[in-house]
Amino acid sequence: MTVLAPIAYLPSWYLAHANWHFGPFHFQLSRPLLYFGYFVLGMLLGIAGTGEGLLAGNSRFNAVWPWWVVLCIFAYAGLKLVGPPIQALQDHGRINETQARLLYRPVWSLSCTASCIAFLTLFRRLFNNPHRLWNSLAANAYGIYLVHYLFVTWTQFLLLPAALPALVKFAIVFICSLTLSWGLTAMLRRISVIKKYL
C-alpha cells in the first residue's frame with residue numbers, strides 16, 4: 001500500500017486542480033486511480049472474509065493492533081512535521097515543486113497506509129462481538145460508501161447560510177449523512193437483485 005499509493009497518486013501532479021462537474025456532482029480528476037487502487041485492494045483483502053486470512057480476528061496481522069495504532073500516530077506526526085520545512089524549501093527556491101512532492105509523498109503515503117491498517121485492526125479488535133447494530137452497519141457499509149457523498153454534499157450545501165460553528169455543522173452533516181445513507185442502503189438491499197451486489 002505504501003508503494004502503490006504514491007504511484008496511484010501520480011496524476012495529482014498534473015491534475016491537482018482539475019475538476020469535473022455535472023449538476024451537484026463534483027469529481028477531482030487527480031484521485032480516481034488512487035480510489036480505484038484502494039478499492040481493488042479492499043476487494044482482494046475481503047475475498048477471504050473477516051473470519052479467515054489477513055483480517056481474521058486471530059491473525060498475527062490483527063494481534064499486533066497496538067503497534068499499528070502507534071505507527072499510525074507517529075506517521076501522522078511525521079507528516080505534519082515534514083510538511084512545513086519542505087514547503088519552506090520550495091518557497092525559498094532551494095527545491096522545485098517536483099522535488100518537494102518527491103520528499104512529501106512517501107511520508108504522506110506511509111501515513112495513509114498506517115492509518116488504514118490501524119483503523120482496520122483497532123475496529124476489528126473493539127467491535128468483534130456480534131451486535132445487531134454492528135451487524136447492520138457491516139451489512140450496509142458498502143452501500144453507505146457508495147451513496148454517502150450525495151448526502152454529505154447536499155447537507156453541507158443546505159447548511160451554508162446557517163450561522164453555526166464549524167464543529168456543529170460537521171456534527172449535523174455527519175449524523176444526517178450516515179443516517180440517510182444507511183437508511184437508503186437498507187431499503188435498497190430489500191430488493192433481491194440489489195442485495196446481491198450491495
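Each value in this text was obtained by applying a stated rule to the coordinates, not by laboratory testing. In this text the structure is predicted, and so the values were computed from the model without any measurement. Note: ideal-geometry Cβ built from the backbone for every residue, glycine included; neighbour counts use all protein chains shown.
For the options Asn128, Asn96, Asn62, a Gaussian network treatment of the chain with springs between C-alpha atoms closer than 10 Å singles out Asn96 as fluctuating the most. Go ahead and set up a Gaussian network model of the chain, Cα springs under 10 Å, then flag whichever of Leu164, Leu55, Leu45 fluctuates most. Most flexible of the set in this elastic network: Leu164. Only helices reaching 20 angstrom along their own axis (Cα) with mean Kyte-Doolittle hydropathy no lower than 1.0 count here, and for the DSSP H runs of the chain these are 32-46, 166-188.
Dividing the C-alpha radius of gyration of the chain by 2.2 N^0.38 Å, with N its residue count, gives 1.20.
In the chain, the DSSP-assigned H stretches of four residues or longer account for a calculated mean residue ellipticity at 222 nm of -24000 deg cm²/dmol, using -39500 (n - 2.57) per stretch and the full residue count as denominator.
Modelled this way, with points 7 Å down the Cα-to-C-beta line, the labels at Val64 and Val193 are 4.8 nm from one another. Projecting the Cα atoms of Ile73, Thr98, Ala88 onto the charge dipole of the chain (Cβ charges, centred on the Cα centre) puts Ile73 farthest toward the positive pole.
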